[in-house]
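A short worksheet on the structure shown next.
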Amino acid sequence: MSNAGSPRPPVLELDAVTFRREGKQIIHGIGFTVREGEHWALLGPNGAGKSTLLGFCGAVTFPTSGTVRVLGRQLGRVELQELRRAIGHVNPRHPLRSPLTIREVVLTGVTGTVDLPPRWSPRTEDVDRAEALIDSLGLGGKADERWPTLSQGERGRVLIARALICDPRLLLLDEPSTGLDVAARERLLETIDLLDEVHPDVASILVTHHLEELPTSTTHTLLIADGRVVAAGPARDIVTTDNVSAAFEHPIDVGYHDGRWSARARRVRRVPSAV
């Protein structure tokens, strides 16, 4: 969506952030700002540092140096549980083991737990909110179906509803298309695009290494490799053949059509050496 006029308030600010693990530098001085209503893609090859950065964004991981501000609060100077309740997190590897219903899974977003806590009962308004989200994400009439019976695509939409039930200001989507076939992926991306209309003030960050998984609602991109920024800014300016080829260290032709990106490795013709 457009942010014409005065800049909208920031919901996430990283400034000169570094991170070391077991003596190895993972993140090298990364900085970027996500504003209200913006939809960022965090894009890069495997091992680029995407998951580590998402940990900062979700107030789960602390940087070795630099500053992280989430919703105006600086990590290290804020009560984390309170902050995390204002962040929605969609992880397709959600570790649910109990056969909860769709409605119950969505309600675990209220408690911030994987399973429903013992002796906890949702308020009437919580149940009403869960039902409305379930309907809005194309799962109407399925609220009583149980998690083990759902397709991977249905689980993705349930987890988005779970993330939205507490009206978060920041939504994190960690490779949400993992394990989906083409049709299920496209339905999920349509759901993500819908959020721009029904929750216009929510900022989001989607992590992926596949350009085909970028929703049409993507406004900005942070392209990283080896823990460093390759390019950052408006998505149409950043997701280009030159930038993507540099990040993935391979010649890749990037296409753009009807709001969606595509990528294809450029075939390099090898001339046989003379015998």
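The values are calculated or read from the model by the stated rules, or taken from the named source; none is laboratory data. These figures come from a predicted structure and were not determined experimentally. Backbone-built Cβ (ideal geometry, glycine too); neighbour counts: all protein chains shown.
Details
- Verdict on A16 being assigned to a strand (DSSP E or B) and either assigned by TED's automatic domain parsing to the domain that holds I205 or under 30 Å from G138 (Cα atoms) (or both): yes
- Filtering region 117-152 to residues that are under 20 Å from the mean Cα position of the chain (by Cα) and crowded, with 20+ Cβ neighbours inside 10 Å leaves L133, I134, L137.
- None of G31, G44, G37, G23 is in contact with a strand residue (DSSP E or B) (Cβ under 7 Å, 6 or more places away or on another chain), surrounded by fewer than 18 Cβ atoms within 10 Å (Cβ to Cβ) and small (G, A, S) except G31.
- In region 47-82, the residues that are surrounded by 19 or more Cβ atoms within 10 Å (Cβ to Cβ) and of a type in the set (F, W, Y): F56
- Applying the set (1) over 15 Å from the mean Cα position of the chain (by Cα); (2) modelled with pLDDT under 95 to T18 leaves exactly one unmet item: (2).
- Total residues in region 191-216 satisfying the condition of being of a type in the set (D, E), surrounded by fewer than 19 Cβ atoms within 10 Å (Cβ to Cβ) and assigned to a helix (DSSP H, G or I): the figure is 4.
- Residues within region 217-247 that are part of a helix (DSSP H, G or I) and either surrounded by fewer than 16 Cβ atoms within 10 Å (Cβ to Cβ) or hydrophobic (A, V, I, L, M, F, W, C) (or both), tallied: 9
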